[in-house]
Each structure stands twice: as structure tokens, then as C-alpha cells.
1. Suppose we filter segment B:52-77 for residues that are assigned to a helix (DSSP H, G or I) and in contact with a strand residue (DSSP E or B) (Cβ under 9 Å, 6 or more places away or on another chain); how many remain?
2. Go through segment B:110-212 and tell me which helices (runs of 4 or more DSSP H), entirely inside it, have 2 or more residues that are small (Gly, Ala, Ser), over 21 Å from the mean Cα position of the chain (by Cα) and closer than 18 Å to residue B:237 by Cα.
3. Any residue at all in segment B:287-305 that's farther than 21 Å from residue B:49 by Cβ and more than 22 Å from the chain's Cα centre (by Cα)?
4. Quick one: in segment B:333-342, which of the residues that are facing chain A (nearest Cβ under 10 Å) and in contact (Cβ under 8 Å) with a residue 40 or more places away in the chain is surrounded by the most Cβ atoms within 10 Å (Cβ to Cβ)?
5. Go over the candidates A:44, A:26 one by one and state the one that is in contact with a helix residue (DSSP H, G or I) (Cβ under 9 Å, 6 or more places away or on another chain) and of a type in the set (S, T, N, Q).
6. With the condition kept exactly as written, say whether any residue in segment B:355-367 is acidic (Asp, Glu), closer than 19 Å to residue B:246 by Cβ and either in contact with a Phe, Trp or Tyr (Cβ under 6 Å, 6 or more places away or on another chain) or assigned to a helix (DSSP H, G or I) (or both).
7. Pick out the one residue from B:330, B:360, B:321 that is more than 13 Å from chain A (Cβ to nearest Cβ) and surrounded by 21 or more Cβ atoms within 10 Å (Cβ to Cβ).
8. Provide a single number: the residues in segment B:92-108 that are within 11 Å of chain A (Cβ to nearest Cβ) and either over 13 Å from residue B:239 (Cβ atoms) or of a type in the set (D, E, K, R) (or both).
Amino acid sequence: MKVQVDEAKCCGAGQCVLIAPEVFDQRDEDGIVVLLAPEPAADQRSDVREAAAVCPAAAITLDENPS
Amino acid sequence: MSRHDPDIRLPLTGDGPLEPPAEWQRLRERCPMATAELPSGDKATYLTRYDDVKSLLSDARFSRPTATDNAARIAPDGAGGPAANGDTSLAIPDRGEPHQRWRRQVGKYLTAKRMTALRPGMVSIAESLVEDMVEHGQPADLKAAVGFPFPVYVICDLLGVPAEDRDRFSYWSDAFLNVTRYTTDETRAAHTELNQYMATLIAAKHAEPGEDLLSMLIAESAEEGEGLSDDQLLHTGVALLVAGHETTANMIGKMVSMLLADRTRWERLLADPSLVRTAVDEALRFDANLGFGLRRYLGEDVDLDGRLLPSGTTVICSMPAANRDERVFADPDEMDLGRSPNPHLTFGAGPHSCLGQTLARSELQVVLDVLLRKLPTLHLAVPARELQRVEGLLVGGLRTVPVGW
């Protein structure tokens, strides 16, 4: 799985950090998303899917089958 | 029905105090862009489908109407209080790039990491409120004993308001928002006193900075030279209180009521407290008493799902109706405490989605954790159908939540 985040769309809601803190963080300067693990480990993937699905800004995209 | 008659009159109410209005389902099915008459007599387009509500709320072109927008009013002039018709503050930029800058300046104090750091403080506030409630004996009103003071105490800590001023703060906040319980004069006086208090507080933080949000914003302004003015700081503090007090206070009461109305829900949480996180979001989705929804004034034509909404239209986005949309949520009328993912729209969506949502989620999770741990035998002291809604237009809730344990 490959994760991408769109900083311009991010509204700093912090949902992704609450759900998958190993994969997402927020910048100290403005609360905008920081991607910690662009290729999350297998046991983190379901949390990452949940984070992407609930992101209020639709700022997280997933590639489930990267080539 | 002629073309000019409204399809519905707002507000809609459900049969029982926790039930959604039956019309939502019909509107989503047959009339997803209904013409609604508001209590002011003005007309607006009422959206009830998930995709429509989400797409309009996410549209960066539109924001909450301002006084100059000529948008449909919710309440008749003067009857809705200062918060009803969008005139809270001109000091905080409400759209475009300046809005985003303000949001990011304040938002960095409301990140998930910071809320996690605030949690131990929240837990001790919740524990002491629950202990006080138990000491006063049962039945008790959970809303007055816990739901109402808890979020205001948390915001006071966040802003650096000394503990001895919490209850005054709490009163002002209530009088400012609760237009049914207070007279216009009382509301106005509370507004003035709160502003004066905030101005004094900001001056004190200039003189002697602490670890709180206001002090940090002040320090930053000094460093960068283009931070928030004192006027903006004042309105930011008031905005946090307005946005974060009554809403969370009511949500605590509604969440606990929904969980206790069917005790199997409460028991499921007792058996597996790890469900608290998803249970809180499910309570947020399931809440049928979220109030009117969010207004948007369309300054240009909008194509929504193939239909034209002309420029000049006022739209009411019903998040609670969208949260029950069967196109998105399986078994939408079931409260499923493990529901995941749960992309409900209770906090809005897009560039204006609730800035304090992580704070609100943390508060609700803490209160629920503490109640499950300290009062596992908690139950409603009246039948759920006898709970009564508050009559306000802005923030939906229950008047009291009588409980025993």
C-alpha cells in the first residue's frame, strides 16, 4: 500500500493522527498533515484505510496495489 | 402545490426525543433539494443526501453567510440572538486565504498530539465532576452535573482562565448562546462582560505569559510581527467558547442518553471499553438533534449532481439527514458502536470543517471512559421517550438527562 497526502487540501482536523499515529502526524507550525510512513506495515493498513475514508478534506489517497 | 409553496417547513422533529424526523428519508429519496420555509419566513434549499451535503460543504467558494450576503435568515430579525444569523465577529477572516491562515494559526494548538497531552487534565476534570454528582445523590441531571461544566472547564484550561473564574465563564457562554432561556438584555450584558473579561485576560497574558493558547499566540505575534491582533485574539477566545461549549455539553447528554436508551449498548461498552473511540463517532453520526444544519449562501450558480442551484440561493445542509443516508451507511438507523469507517458529517467537511473536532472527540471519549469506569450501573432515571428536547434553533440537545446508578 502506498499513501499520499495533499497538504493543500488538509484542514488540520487531526482525525488521521488519532486513528493511525504511526503513519500520520501534524506539523507543529500549522497542524497540517505529515506523512510518517508512506508505505505502512501490514498491521497498520486497516487503520490507514479508516483514516483515508473519514478525512474531512479527502486529503489522503491510497494506492492499494502499487506497481 | 404551486411552484412557490415550500415543500417543508423547518425545523422538522422526530416522533421521539432521540428519533430522526420521518421526513428525512422521504426527502432523501424523492426531494433531495427541497424548498424549505425557515422560522423567519425566508426560503432556502434544504439538502438531505450525503453526497450533496458533503460536496457543498467542501466547496471552498462558499462560506457561512455574512450580514451583507442577503441570505435567508433562520430566525426573524432580533429573535435568534447574536449567533443565529452569522454575525459573531468580523475580526476573524471567514473565507479565502486569510481564513486559512487564521485557521492554521489557531489549529496548531488543537492538533491530535496536543489534545493527547491535554487528556490527563480532562480525565481529572471529568472524574471530579462525576464524584460531585455522586455526592449529591440520585437521581441526578447528568447534563447539568457533567455535560455542561466539563467542556467549559476544558476550554478555560486551554485559554489559561483561572479555575476560580470557570463558573462565570460558563454563565456568560450560556447566556450568549441560549436565546430561549435569557432575555435580550441578559444576552447583551453577558456578551459585554465576556468581552471585557477576555480583554483583561489578554492584557494579563501579555504581562505574564503562561503555557496556554492565548499566551502562545501572543508570543508568536511578537516574534513574527504579523500574528493576531488583540482584537482577533479576543474574538478567537470567544469563538472557541461559542463553538465548543454548548455543542459539546449537549452532545455529552445526547450521547449518554442514546447509549442508555438501549442498555445493550452500554453493556457492550462495559464488556469492551476499546469500543469507546468508534462509539463516540457513532453517537455523533446517530444524533438526530444536531439542529438546523449549516447555511451556505451561493454567490454564483452551482451544479449539484446535475441540478442547477442558481446564484443567490441560500442552502441549508442537513448533516444529520446526510448521516442517515442509506447510500453511504449500511443499516443507517442502527447504532453500531463498532462502525468503521464512519465518515459522518457532524463536524462538516472541507475547508470549514470543525477546527475543534479533535478537542470535541477527546472530550467525549474522556467523559465516556470515566462514566464507564466510575459508574458502570448508570441508567436513565426516566423512560427514554420522556426525555425533552431543548427548544433552541442553533444547538440541538436535551433539556435534562436524569440518571441513577
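1. Residues that pass the stated criteria total 7.
2. Numbers: elements: B:112-135, B:149-159, B:166-177, B:184-207.
In segment B:110-212, the matching helices (runs of 4 or more DSSP H) lie at B:184-207.
3. Within segment B:287-305, one or more residues are farther than 21 Å from residue B:49 by Cβ and more than 22 Å from the chain's Cα centre (by Cα).
4. Residue satisfying both the conditions and the ranking: B:342.
5. Of the residues listed, the single one that is in contact with a helix residue (DSSP H, G or I) (Cβ under 9 Å, 6 or more places away or on another chain) and of a type in the set (S, T, N, Q) is A:26.
6. Filtering segment B:355-367 for residues acidic (Asp, Glu) gives B:363.
Then drop every residue that is not closer than 19 Å to residue B:246 by Cβ, which leaves B:363.
After this cut, where a residue has to be either in contact with a Phe, Trp or Tyr (Cβ under 6 Å, 6 or more places away or on another chain) or assigned to a helix (DSSP H, G or I) (or both) as well, the list is B:363.
Within segment B:355-367, one or more residues are acidic (Asp, Glu), closer than 19 Å to residue B:246 by Cβ and either in contact with a Phe, Trp or Tyr (Cβ under 6 Å, 6 or more places away or on another chain) or assigned to a helix (DSSP H, G or I) (or both).
7. Working: B:330 fails: surrounded by 21 or more Cβ atoms within 10 Å (Cβ to Cβ); B:360 fails: more than 13 Å from chain A (Cβ to nearest Cβ).
The unique qualifying residue is B:321.
8. Final tally of qualifying residues: 5.
The values are calculated or read from the model by the stated rules, or taken from the named source; none is laboratory data. Keep in mind the model is a prediction, meaning the values are calculated, not measured. For neighbour counting, all protein chains shown are included, and Cβ atoms are generated from backbone atoms with ideal geometry for every residue, glycine included.
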